[in-house]
Amino acid sequence: MRTGNDIGSEAVLERPPPTTVCRTTVGEKRAAKAHTTAFAVVITSYNYRDFVVEAVESALAQSRRPAQVIVVDDGSTDGSDRLLHERYGGDERITLITGVNGGQLSAFQRGVNAADAEVICFLDSDDRWEPEYLAQLGALYDARADVDFVFSDLQLFDQQDRVMRFHHNAVDLGYTAISTYVLTQWYGAPTSALSMRAAWAQQALDLPESFQRIWRLSADNCLVFGCSVLGAHKYYLPTGCVGYRIHGKNGWWSNQSAKIEYTNKMMSSALIRHYAQRIGLGPECIEFSKLEFMTKPRPPWRETKRYVRLVMMRKVSPWRNWERALTVFRRGWKLRG
């Protein structure tokens with residue numbers, strides 16, 4: 001099951017670079033020894049019999065083993081469920097969940113409800129991970145208890161050979177609620193490069209049943225937008241370990257058009273408003289744009305420009321807006337990542 005979003009407007013596409021290694025300080029290494037984060041992997045699948053075993057095996061082959069691998073077959077009609085039961089029915093490492101087709105959001109919810117770990121990683125059944133993926137995520141989650149949500153770059157393979165990434169280097173994005181609420185900014189990646197602490201996954205997927213019909217595809221938007229608006233601390237970590245398969249039958253990648261883009265934008269806007277209403281977030285939040293920007297230790301230059309735009313949208317005197325915009329500009333220039 002392929003998901004989609006507007007990452008293309010932000011992503012850099014190029015030939016794959018060498019795998020990035022997550023480096024930690026001495027203090028962070030000591031913190032990692034004191035606590036080892038437990039991971040649950042949620043793999044959702046619909047009619048990807050040709051690919052699902054490779055996805056599951058890539059989760060099982062991690063050098064840092066997950067505490068759980070949960071495979072949710074969303075009512076496949078191509079024999080996927082039979083194949084999964086034949087291959088993994090007696091495997092204690094795998095939790096198999098099958099049922100009627102409900103769409104991707106429903107499959108996410110079922111998988112997260114079965115998870116019992118600190119961090120949940122998501123993997124589409126037509127994608128795959130390199131063996132060091134969870135080890136790199138774990139080094140960060142172990143060392144940084146303040147980080148709630150981590151997303152990675154993607155290596156496109158099969159019919160394409162490129163990299164999709166948010167930035168050249170790792171970026172501590174701090175908080176992103178205001179930027180997401182006002183600009184519909186998407187701080188994330190497609191499903192297979194998403195991870196978050198379990199409590200945030202549960203909050204983001206706590207949606208009315210009617211949303212399951214709306215988000216049968218592209219439900220990664222619920223995770224990305226939900227965690228941003230609800231207040232998760234986000235981090236971008238390029239790992240070079242997430243393989244994103246382009247095979248011509250991708251649910252979103254293979255079905256892009258002006259109409260679909262328009263519909264997706266409208267649905268995303270409504271989704272963001274739903275999360276905002278849950279916590280009482282309204283247009284007045286734009287007054288705190290500078291404070292949100294201050295939570296980013298080394299913001300990329302385009303992030304600085306984004307927050308200059310935000311502070312200039314405040315309904316106060318032009319002089320006050322320019323003054324605050326200059327503060328953001330100076331800080332962003334000094335700390336640019």
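The values are calculated or read from the model by the stated rules, or taken from the named source; none is laboratory data. The structure displayed is predicted, hence computed values, not measured ones. Positions of Cβ are generated from backbone atoms using ideal geometry, with glycine treated the same way; all protein chains shown enter the neighbour counts. Note: areas computed on protein heavy atoms with side chains; ligands, DNA, RNA excluded. Shrake-Rupley method; radii C 1.70, N 1.55, O 1.52, S 1.80 Å.
Criterion applied to V147, V100, V71 was being β-branched (V, I, T) and closer than 18 Å to Y236 by Cβ, and the one residue passing it is V147.
Can we say L217 is modelled with pLDDT of 95 or more and either under 11 Å from the mean Cα position of the chain (by Cα) or surrounded by fewer than 24 Cβ atoms within 10 Å (Cβ to Cβ) (or both)? Considered against the rule, which asks whether it is modelled with pLDDT of 95 or more and either under 11 Å from the mean Cα position of the chain (by Cα) or surrounded by fewer than 24 Cβ atoms within 10 Å (Cβ to Cβ) (or both), L217 comes out as no. Here are some residues: R306, R273. Which one is without any contact (Cβ under 8 Å) to a residue 12 or more places away in the chain and surrounded by 12 or more Cβ atoms within 10 Å (Cβ to Cβ)? Step by step, each of R306, R273 is checked, and only R273 is without any contact (Cβ under 8 Å) to a residue 12 or more places away in the chain and surrounded by 12 or more Cβ atoms within 10 Å (Cβ to Cβ).
The residue list D81, D148 contains one member that is under 23 Å from Q212 (Cα atoms) and charged (D, E, K, R), which is D81.
Taken over the stretch 177-204, the residue count meeting the criterion of being open to solvent by less than 10 Å² (accessible area, probe 1.4 Å) and closer than 27 Å to A114 by Cβ is 12. Of the residues making up the stretch 46-101, those that are assigned to a loop (DSSP other than H, G, I, E, B), within 22 Å of the chain's Cα centre (by Cα) and among the aliphatic types (A, V, I, L, M) number 2.
Listed conditions (1) surrounded by 15 or more Cβ atoms within 10 Å (Cβ to Cβ); (2) part of a helix (DSSP H, G or I); (3) not aliphatic (A, V, I, L, M) are all met by K234, apart from (2).
Scanning the stretch 147-165 for residues that are over 15 Å from Y133 (Cβ atoms) and in a loop (DSSP other than H, G, I, E, B) yields V147, D148, Q159, Q160, D161. The single residue among R162, R128, R110 that is more than 17 Å from I70 (Cβ to Cβ) and either at pLDDT 95 or above or open to solvent by 50 Å² or more (accessible area, probe 1.4 Å) (or both) turns out to be R162.
Residues considered: D126, D142, D153, D148. Of these, the only one that is over 26 Å from L335 (Cβ atoms) and touching a residue at least 40 places away in the same chain (Cβ under 8 Å) is D126.
Just one residue in the set A67, A61 is over 23 Å from G188 (Cα atoms), open to solvent by 30 Å² or more (accessible area, probe 1.4 Å) and touching a residue at least 60 places away in the same chain (Cβ under 8 Å); that residue is A61. None of F149, F211 is closer than 15 Å to F225 by Cα, buried (at least 18 other Cβ atoms within 10 Å of the Cβ) and touching a strand residue (DSSP E or B) at 6+ places or on another chain (Cβ under 7 Å) except F149.
Checking the structure you have, find out if any residue of the stretch 102-119 is assigned to a strand (DSSP E or B), under 13 Å from L194 (Cβ atoms) and within 16 Å of the chain's Cα centre (by Cα). Checking the stretch 102-119: at least one residue is assigned to a strand (DSSP E or B), under 13 Å from L194 (Cβ atoms) and within 16 Å of the chain's Cα centre (by Cα).
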